[in-house]
Amino acid sequence: MDEFLVAKNLRKDFGNVEAVKSISFHVNSGEIYGFLGPNGAGKTTTLRMVTGVLKPTEGKVNIHGMDVFENSIDVKSIIGVVPDEPKLYDNLTGHEFLEFVGSVFSMKRDELNRRVLELSEAFDVDFFNKFIGDYSHGMKQKLMLISVLMRKPKVLFMDEPTVGLDAKSAKILKLLLRKYVNEGAAVFMTTHILEIAEKMCDRIGIINEGELIAEGNLKELRNYSGKESLEDIFLKLTGGDEVKEIVDKL
Ligand SMILES: Nc1ncnc2c1ncn2[C@@H]1O[C@H](COP(=O)(O)OP(=O)(O)O)[C@@H](O)[C@H]1O
Ligand SMILES: [Mg+2]
């Protein structure tokens, strides 16, 4: 199996906050890897490090055989990143933004048009003539998703991709990602929602307080913790047994 993403001993300190504490993992071609953890666990920080946006305090990241920080231009040409809060140009229309991205990545015009049309239909988008400044969070997210998916990058990174998507779009995204990995791509996504990890991902890494505390497919995670549902596993591993107590007391 091809390891498309290898992260070794990644650590990030923000002042005296240890946001990520020496995490190692890999993602293979053909696989959707889910990074699951509660708010503040270190998911976004890890995603920013593995995509070359944030310099780790320590550790190495390799994508498709290239060091992310030493070969950042080459790496950027084969990855696609959908951040949790897309930063977009308010005074461009959606179409203008997609054309801009297409030209940066040297996409052929007819291919760009074809892919945008297919993806717009899939995600029910009819607002690309409007200015991005007037988009809701969900609309921006769809634009960002389409701008990444249209390029068919080898490695796709998504930070909480289903937040802000309606149920139908989330389902389409799930099917599309499966199709892309079947064609050989690799996906790294973060989520704080158990059900999403359970339904979309082949392997799951559970991150809590900056540490990767368990990793595997659902079956392996179940064996690991000796519990049945992923919810029980997740709550047990992240100390969420307290959650039940709190709710019981309310
Ligand atoms: N730029 C930053 N400066 C200082 N602290 C940060 C910064 N980014 C994240 N953190 C802290 O790092 C920890 C992990 O944050 P984050 O990776 O965003 O978590 P998650 O995405 O899992 O919710 C949190 O305690 C957060 O407050
Ligand atoms: Mg986050």
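Quick notes
- Net charge in the neighbourhood of Leu165 (other residues with Cβ under 12 Å of its Cβ; Lys, Arg +1, Asp, Glu -1) is +2.
- For the chain: Kirkwood Rh in Å [reciprocal of mean 1/r, alpha carbons]: 19.0 Å
- Note on region 3-57: Cα-only Rg and Dmax are 11.4, 38 Å.
- Cross-link partners of Lys8 among lysines (Cα-Cα below 17 Å; sequence separation of 8 or more within a chain): Lys21, Lys43, Lys55, Lys60
- Each other residue within a Cβ distance under 11 Å of Pro56 adds +1 if Lys or Arg and -1 if Asp or Glu, for a net charge of +4.
- Relative exposure of Thr46, Thr93, Thr162, judged by other C-beta atoms within 10 Å (fewest first): Thr93, Thr162, Thr46
- Set of lysines with alpha-carbon distance to Lys168 below 23 Å, sequence-local pairs under 8 removed: Lys130, Lys140, Lys142, Lys152, Lys179, Lys199
- With only Cα atoms counted, region 138-239 has Rg and Dmax values of 14.6, 42 Å.
- Computed over the chain with a Gaussian network model linking Cα atoms closer than 10 Å, the most mobile of Met66, Met200, Met144 is Met66.
The numbers here are math on the coordinates, done by the rules we state, and not lab data. On a predicted model such as this, the values are computed, not experimentally measured, just so you know. Cβ coordinates were reconstructed from backbone atoms using ideal geometry, including for glycine residues, and neighbour counts include every protein chain displayed.
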